[in-house]
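Let me begin by presenting the structure, written as structure tokens, before commenting on it.
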Amino acid sequence: MAKIVALDVGAKRTGVAESDSMHMMAFPLETVETEYVLTFLQRRQEEEPIEELVVGAPVRWDGTPSEVAHFIDGLCQKMGEKWPEIRIIRVDERFTSSLAAHALVKGGMKKSKRREKGAVDKVAAALILENYLAQR
């Protein structure tokens, strides 16, 4: 069964998470440079089919799109053109990065490890996916 993949897209890095095959749990996968996210997804799609892509939609407190939202819209359009068979779902990602950082602290990760590029990004992607799976 194909998996669901979630992306927490940033200007520099993109956190990636995936579901289990039954679409019940979310797991942080890795962090990739945003400029290479399409290449990463192509390789991932060749290894194991992706059923849906869940992409975080960055929204401000007042509900308006953030600065990076336009860039993410363009990326979603490219993904839709490249893989028309994959459903792309946009979900509100407010607070996921701060919740991810908090989860890493509670999990006992040392401050030096949390500072490593991407530690928070892939956990934020897993939180985006977890929220989506819970609402399904």
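Could you please tell me which pairs satisfy a Cβ distance under 9 Å, a separation of 6+ or placement on different chains, a first residue in the stretch 23-45 that is in contact (Cβ under 8 Å) with a residue 12 or more places away in the chain, and a second residue that is assigned to a helix (DSSP H, G or I) and among the acidic types (Asp, Glu)?
Listed pairs, sorted by first residue: MET25/GLU130; ALA26/GLU130; PRO28/ASP121; THR31/ASP121.
Looking only at the stretch 52-75, count how many residues are exposed (fewer than 15 other Cβ atoms within 10 Å of the Cβ) and over 14 Å from GLY10 (Cα atoms).
Number of matching residues: 5.
Just checking, how many residues over the stretch 49-87 are assigned to a helix (DSSP H, G or I) and β-branched (Val, Ile, Thr)?
Looking only at that region, the number is 1.
Which of the numbered conditions does GLU46 fail, given that it passes all the others? Conditions: (1) of a type in the set (Asp, Glu); (2) more than 15 Å from LEU127 (Cβ to Cβ); (3) not in a helix (DSSP H, G or I).
Of the numbered conditions (1) of a type in the set (Asp, Glu); (2) more than 15 Å from LEU127 (Cβ to Cβ); (3) not in a helix (DSSP H, G or I), the odd one out for GLU46 is (3).
Check LYS12, LYS3 and return the single one that is among the basic types (Lys, Arg) and over 17 Å from ARG87 (Cβ atoms).
Matching residue, one of LYS12, LYS3: LYS12.
Residue by residue, here is whether (1) under 20 Å from LEU129 (Cβ atoms); (2) more than 16 Å from the chain's Cα centre (by Cα) holds:
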{"site": "ALA17", "(1), (2)": "yes, no"}
{"site": "SER21", "(1), (2)": "yes, yes"}
{"site": "ALA26", "(1), (2)": "yes, no"}
{"site": "ARG44", "(1), (2)": "yes, no"}
{"site": "ILE50", "(1), (2)": "yes, no"}
{"site": "ARG60", "(1), (2)": "no, yes"}
{"site": "ALA69", "(1), (2)": "yes, no"}
{"site": "GLU81", "(1), (2)": "no, yes"}
{"site": "ILE88", "(1), (2)": "yes, no"}
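Could you grab me the full set of residues in the stretch 23-39 that are surrounded by 18 or more Cβ atoms within 10 Å (Cβ to Cβ) and not β-branched (Val, Ile, Thr)?
Within the stretch 23-39, ALA26, PRO28, LEU29 meet the criteria.
Values in this text are rule-based calculations from the coordinates and carry no lab data. Treat the numbers as computed from the prediction; the structure is a model and nothing was measured. Neighbour counts run over all protein chains shown; Cβ positions are idealised from the backbone, glycine included.
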